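For reference, the structure is listed below as structure tokens.
Read the figures in this text as sums done on the coordinates, not as results from a lab. Because the structure is predicted, anything quoted here is derived from the model rather than measured. Cβ atoms come from the backbone with ideal geometry, glycine included; neighbour counts cover every protein chain shown.
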Amino acid sequence: MRKLLIVIDMQNDFIDGALGTPEAVAIVENVKAKIRSYPAADILATKDTHETHYLQTQEGKNLPVEHCIRGSKGWEIREDIAELLDGVKIYEKPTFGSVAMALDVAEISQSEEIEVEMVGLCTDICVVSNALLLKAMMPEVKISVDASCCAGVTPESHEAALETMKMCQVAVE
């Protein structure tokens, strides 16, 4: 069985930039170790991508903090993680979940038996969104999240997202 790793939004703005947290900084080494444990051919990644008009979007009105603006330093995947993702397919996504990534993973699941492990930021927004999107598309595929490689907006919302995923049959490890 092939096991895929999906690295969600390990970008500067979510680690130590505009929306960074100490908890996000604390998972960086765990995420790097996890990436190193997979062959590059079995890794996918996402990149939160907003344009300069972000504050006029629905998300920007609800979260009025400019972040991950295309071309900015905050938009870039943290350098030491980006080096490990060299050659990996990275999906730019304008919202929480990546439909394109989910469709590609679902297509892979049609031709071979797979499991999916997820890591990244933020547990309570983009990780949970992508986990539930994948689970909805592939209810019989094991989807898991490594909690030691994720961080939420707050420790409380991180825990709440992990519980939500457990309730939706996403394995939390």
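Where in the stretch 137-156 does the label zone of Ala171 land, with the point 7 angstrom along Cα→C-beta and an amide N cut-off under 20 Å? Backbone N within reach: 137-151. Whole-Hz Karplus values for the stretch 135-148 come out as 5, 5, 7, 9, x, 9, 8, 5, 10, 10, 10, 8, 4, 6 Hz, taken residue by residue from phi with 6.51 cos²θ - 1.76 cosθ + 1.60 and θ = phi - 60°; glycine and proline positions read x.
When only alpha carbons are used to place a centre, the stretch 101-120 and the stretch 47-72 end up 28 Å from one another.
Taking every alpha-carbon pair under 8 Å whose residues sit at least 6 apart, the chain reaches a relative contact order of 28 percent.
Helix 99-111 and the longest principal axis of the Cα set of the chain meet at an angle near 10°.
Helical content alone sets the calculated 222 nm signal of the chain at -11000 deg cm²/dmol, taking -39,500 (n - 2.57) per DSSP H segment of four or more residues and averaging over every residue.
Using the Karplus relation 6.51 cos²θ - 1.76 cosθ + 1.60 with θ = phi - 60°, the per-residue 3J(HN,Hα) values for the stretch 160-173 come to 4, 5, 4, 5, 4, 5, 4, 5, 9, 6, 9, 6, 10, 10 Hz, with x marking Gly and Pro. Placing pseudo-labels 7 Å out from each Cα toward the beta carbon at Glu51 and Met1 gives an inter-label distance of 4.2 nm.
Hey, of [x] 115; [y] 104; [z] 166, which did the structure itself give for volume of the Cα convex hull per residue in Å³ when calculated? The value computed from this structure is option [y]. A simple spin-label model places pseudo-atoms 7 Å from Cα toward Cβ; at Ser148 and Leu103 they are separated by 3.7 nm.
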